[in-house]
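S.K.: The structure is given below, and queries will be raised subsequently.
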Amino acid sequence: MFQVNDNYLKLPGSYLFSTIAKKVNAYSKANPDKKVIRLGIGDVTLPIAPAIIDAFHGAVDEMGKAETFRGYAPDLGYEFLRNAIAENDYKARGCDIEADEIFISDGAKCDSGNIQEIFSVDNRIAVCDPVYPVYVDTNVMAGRAGTYDARKGTWSNVIYMPCLEENDFVPELPEETPDIIYLCFPNNPTGAAVTKERLQEWVDYANRTGAAIIYDAAYEAYISQEGVPHTIYECEGARTCAIELRSFSKNAGFTGVRLGFTVIPKELKCGDVSLHSLWARRHGTKYNGAPYIVQRAGEAVYSRAGQTQIREQVAYYMNNAKYILEGLKEAGYTVSGGINAPYIWLKAPNGMTSWEFFDYLLENANVVGTPGSGFGPSGETYFRLTAFGSYENTVAAVDRIKKL
Ligand code: MLT
């Protein structure tokens, strides 16, 4: 008789954002007269920019003509897109990343979940706490996390690196040595950024201890301050220790379109084995590539018009972030983030837990956010709001919260 992968049975509850969606849908069904404003999941609301839409149309037309029709995409992605990424995201910033070190995919969520497959099941992971839940859950599924302590909300084989107000939500180097370190900056969920000097310490640490860093830079387009690195490859030595994950979801509105990429430098090796070759093997075997029309749309993100238009969108969301940040400060909340990231991280008031505050806000202000404990035990008394709503909804949500 078949048996299931019982690592899945160890997972407590459903995926964080599915749990929230279920709760909100139940509330809306029971209260059809209430206008609920959703600032929970970090999903974009602006339509895709015109220069990108034009590229979509052009590519769709190409698919309808025998001379320009395309079948399977190259395993690792079309060169036109990989070249555009290498030039604009890396070489323009002085980082030595070649097009053939870039793997195109259908998004950073999938890549951040799948990348652990190329590491030994015996490897120990370290994560920030709080953390994007995909990193931990996928390691649980793979059997790498140990056992769950429901009281503490922690896994026995995971090293948690608390990110709290005291350390500006940037983790200290861990006391126990991990094999794989997940870092995300600008950070989801806290909205914190890391300076280049601090990130360099992590790169040096990883090279010293032989650990690999999986660096999620999905929110890079939101960086507004000098001295905050846009890629880990700005740090010296990152080519021998770091994998970088990037997304088109948040900078160009591709959450429904799906496009992302992973960078694995060829020097990143375990003995003689390069992680680049393992990921290439996995990609070739398990994946048939992001659609041609989507990759052409991704290329248009790097056009002059595309860049201008997506910067306007990022500015629109960051104006929302500013409104939330200032509004909540005025209302007496302790808030952070929202300067280099589209997330605002606030302390739940009056000693409430994060789920208590979730219910309170939903019922009394009809505003949805994300409870901090969904991202890990150190998020227990925190709450996340996203700046990805419309300006009108953002203003209405903040005004409702102020009136509570
Ligand atoms: C979030 O809300 O944390 C993100 O939107 C989730 C994701 O990007 O998968």
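S.K.: Once amide H atoms are placed 1.01 Å from N in the peptide plane, what residues at a sequence separation of 5 or more from Ile181, or on another chain, have their amide H within under 5 Å of its amide H?
M.R.: Here the answer is Ala126, Ala212, Ile213, Ile214, since their amide H atoms fall under 5 Å of that of Ile181.
S.K.: Please work out the Cα center distance from segment 77-94 to segment 349-404, rounded to the nearest Å.
M.R.: What the calculation gives is 38 Å, centre to centre.
S.K.: Note down, for segment 315-404, the three equivalent ellipsoid semi-axes (square root of 5 times each alpha carbon gyration tensor eigenvalue), biggest first, whole angstrom.
M.R.: Those come to 19, 15, 11 Å.
S.K.: Ordered by packing density, taken as the mean number of other Cβ atoms within 10 Å over each peptide's residues, highest first, how do 365-376, 134-145, 87-98 rank?
M.R.: The densest-packed peptide leads the list: 365-376, 134-145, 87-98.
S.K.: May I ask which of Lys196/Lys266; Lys65/Lys91; Lys29/Lys329 have a Cα-Cα span longer than 25 Å here?
M.R.: Lys65/Lys91; Lys29/Lys329
S.K.: What is the pair-distance distribution P(r) of the chain, computed from all Cα-Cα distances in 20 Å bins starting at 0, with each bin given as a whole percent?
M.R.: So the P(r) values, bin by bin, are 27, 58, 15, 0.
S.K.: Please list, in chain and number order, the residues 5+ apart from Asn188 or on another chain whose amide H is under 5 Å from its amide H, with Hs placed from the backbone.
M.R.: The list, which skips near neighbours in sequence, is empty: none.
S.K.: Using the basic label-point model (7 angstrom from Cα toward the beta carbon), what is the Glu87 to Arg151 distance in nanometres?
M.R.: According to this spin-label approximation, the distance is 6.0 nm.
S.K.: Report the normalised scattering of segment 188-297 as log10 I(q)/I(0) at q = 0.14, 0.15, 0.19, 0.24 Å⁻¹, calculated by the Debye formula with identical scatterers on the alpha carbons.
M.R.: Treating every Cα as an identical point scatterer, log10 I(q)/I(0) equals -0.67, -0.76, -1.09, -1.31.
S.K.: Can you give the % of DSSP beta bridges in the chain that are antiparallel, to the nearest 5?
M.R.: 55
S.K.: Okay, next question. Can you list, largest first and rounded to whole Å, the semi-axes you get for segment 23-164 by taking the square root of 5 times each eigenvalue of its Cα gyration tensor?
M.R.: Computed over segment 23-164, the values are 36, 28, 16 Å.
S.K.: Quick one: plug the Kirkwood hydrodynamic radius of segment 233-356 (C-alpha pairs) into Stokes-Einstein at 10 °C, 1.306 mPa s, and report D in µm²/s.
M.R.: 87
S.K.: In what sequence, highest mean first, do 27-35, 207-215, 267-275 appear when ranked by Cβ atoms within 10 angstrom?
M.R.: Output ranking for 27-35, 207-215, 267-275: 207-215, 267-275, 27-35.
S.K.: Moving on. How large is Rg over Rh for segment 256-300, taking Rg from the Cα atoms and Rh as the Kirkwood inverse mean of 1/r across Cα pairs?
M.R.: Value, to two decimals: 1.09.
S.K.: What is the sum of charges around Thr334, taking Lys and Arg as +1, Asp and Glu as -1, for the other residues whose C-beta is under 14 Å from the C-beta of Thr334?
M.R.: -2
S.K.: Take each of the peptides 347-354, 287-294, 231-238, average the number of other beta-carbon atoms within 10 Å over its residues, and list them starting from the highest.
M.R.: Top to bottom by mean Cβ count within 10 Å: 231-238, 287-294, 347-354.
S.K.: Going by Cα centres, segment 260-332 and segment 185-241 are how many Å apart?
M.R.: When both Cα centres are located, 15 Å separates them.
S.K.: Here's a follow-up. Name the lysines eligible as straight-distance cross-link partners of Lys23: C-alpha to C-alpha under 27 Å, and not fewer than 8 places from it in the same chain.
M.R.: List returned: Lys10, Lys34, Lys35, Lys109, Lys152, Lys250, Lys347, Lys402, Lys403.
Bear in mind these aren't lab numbers, they're just calculated from the coordinates by the rules spelled out. The structure displayed is predicted, hence computed values, not measured ones. Note that we place each Cβ from the backbone using ideal geometry, even for glycine, and neighbour counts take in every protein chain shown.
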